[in-house]
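Coordinate-derived values only; no laboratory data. As the structure is a computational prediction, the values presented were derived from the model and not from experiment. Here the Cβ is made from the backbone with ideal geometry for all residues, glycine too, and neighbour counts use every protein chain on show.
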Amino acid sequence: MRVEPQQLKAFMLDAGLIKESQFDKVLKEAQKKDKKIEELLVEKNLIPQEDLIRLEAYILGIPFVNLEKEKVDPKVLEIIPEPIVRSHNIVAFRKKGKNLEVAMLDPEDLKTIEFIKKKADLKILPRLTTPKSIKNVLSQYQETLQTEFGEIIKKEAVEIRKVPEKEEEKKADLEKKAQELPIIRIVDTLLKHAILQRGSDIHIEPMEKEVLIRYRIDGILHDAMTLPVTTKSGIVARIKVLSKLKLDEHRLPQDGRFKIETEDYRYSCRVSILPVFNGEKVVIRLLAETAKGYTLEGLGLRGADLESVERALKKPVGMILITGPTGCGKTTTLYSMMEILNVPGVNISTIEDPIEYRMPRVNQTQVYSKIGLTFASGLRSLLRQDPDILMVGEIRDEETASLAINAALTGHLVLSTLHTNSAVGAIPRLIDMGVEPFLLSSTLNLVLAQRLIRRLCEEKEKYKLKETELNNLSKYCDLKKIEEVLRNEKILKEKQALKNIEFYRPKSSKECSEGYRDRIGIFEILEISESIKELIQKRASTDEIQKRAQKEGMRLMIEDGFCKATQKITSIEEVLRVIIE
């Protein structure tokens, strides 16, 4: 089921919605850009999206439905799981007997209709709808999930045996607790809830009179639920069983992992358990195994910064470093770079802690310090594996730094990460680790510093900076330099000031309670030029190197953040939140 361009043209001309010359011009552009003509017609404001969908529904003989204000029965809603709704833009909204009415955006998506038909064992009646309708129904999943979650917790927590906890519980008692049905249901619901809320981490924190559950969503921790203190040892025991950890060890930290697999999603869960005053705190990192790799553009690299990274990746030898604090997306950037480098003609070997994503044709090794397999010993072994490209998860000590530099000197391209706050900060950090400046200057190709900022949702509030706001901003950044960068990017006109440009603030909506959804990177790229090499050899200060790099065109993270704020991607407040520490 699809509307051919000529069919669409005939109906649009007949309805007087477009001129023939306009349609033909857009069709040529669509073919050239390999896009659907419908996308371009809407993009160019030649026809409103809803009118176009109504017209397509009429041509195909499929009923059109508007669900923007429709409340769907939760039992009908759960026939199609939320991840499928998000990825395929198809929702169930009405069920009569064995007939299920589904609203969708793509009438060609017959595979999804067939999948739902088999899964639900119902006759599927397709309808066309608008993106706003899909959004409205999606927001109802959240309400349903919150209700379901609350009910399960209340019901199951009551059933848990209210036996006073002993200071030293026996292993057999803990095993029994871990297998209790209420505990299993609570842990399963916590995991499901976090995944469907797009959480990256689950924090289970024992308090004096309760257990606090928090989720990290788009980099920010949110309180999700408080549980009765009687659930404490059972939840920890259940997670230890899943992660194959010692049940009766309560005094030492433990690390493990397990997997969750359902028809809708597959996640690898990394577990860290730490003894605290009121018991044991658990943090579970959720990693989607089905996640697709990002492109460098998709991460947020643009223009000259992107060109610098691409130039460095084309060099057969040397070192590329990615810097930033924990959780700023360094590993994701490394994997995106390896995706580009991963061609049949090269051997890529990695040493990681942990292996976060599996990559075909890449030889990935997991650090295991208990048996002596550290970054340094692993890297030493990898050099005997005839590699072309080496990826070291993190340079943590002098030995790893020395081996990585020697690998870059002996004809390998080395990719790694380092914990520093800025791109220039990587140079003194490596020198402090014992790397000789002359070796560093001859091997280092590029340093990329990054942070993750939250993206604004579609609904946002437009505003211009007032004099008081500009004065406040000047405390944290050089406004003249930011204006210069914006002029170079053609965002500001020659005589235009920062106060004349439009910025955006988050606006709370049904879909985005905080006005933000998903994240993107802001970057600082230090390309090692001949003049920078000379400064490294002279052991120049960080300030000297940064001034020279800025003269040569290096853009600071705050400047990249301001560029993204002017492009409606994020807000100034969000940029300052992640940069000012």
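Summarised as an ellipsoid, the chain has semi-axes of 42, 38, 24 Å, derived from the eigenvalues of the Cα gyration tensor scaled by 5 and square-rooted, with the largest first. Straight-line reach from LYS177: which lysines have a Cα under 16 Å away, not including same-chain ones fewer than 8 places off? In chain and number order, the partners are LYS162, LYS166, LYS232, LYS240, LYS244, LYS246.
Across q = 0.12 Å⁻¹, segment 374-527 modelled as identical point scatterers on its alpha-carbon atoms has Debye log10 I(q)/I(0) values of -0.75, in the order of the q list. Near GLU461, the amide H atoms lying under 5 Å from its own belong to ARG505, LYS507; only residues 5 or more places off or on other chains count, and H is placed 1.01 Å from N. Of the peptides 517-524, 222-229, 385-392, the order by per-residue mean of other Cβ atoms within 10 Å, starting with the highest, comes out as 517-524, 385-392, 222-229. Calculated mean residue ellipticity, 222 nm, the chain: -12500 deg cm²/dmol, from DSSP H runs (n ≥ 4) at -39500 (n - 2.57) each, averaged per residue and rounded to 500. Whole Å is fine, so just give me how far the alpha carbon centre of segment 181-195 lies from that of segment 471-524. If we compute the Cα centre of each part, the gap is 40 Å.
The separation of segment 278-345 from segment 40-79, counted between C-alpha centres, amounts to 37 Å. Legend: distances between Cα atoms for LYS96/LYS117; LYS132/LYS192; LYS95/LYS132; LYS44/LYS132; pairs beyond 24 Å are LYS132/LYS192. Report note on the peptides 122-129, 538-545: ranked by the mean count of other C-beta atoms within 10 Å, highest first, their order is 122-129, 538-545. Annotation: the antiparallel percentage among DSSP beta bridges lying fully within the chain is about 65.
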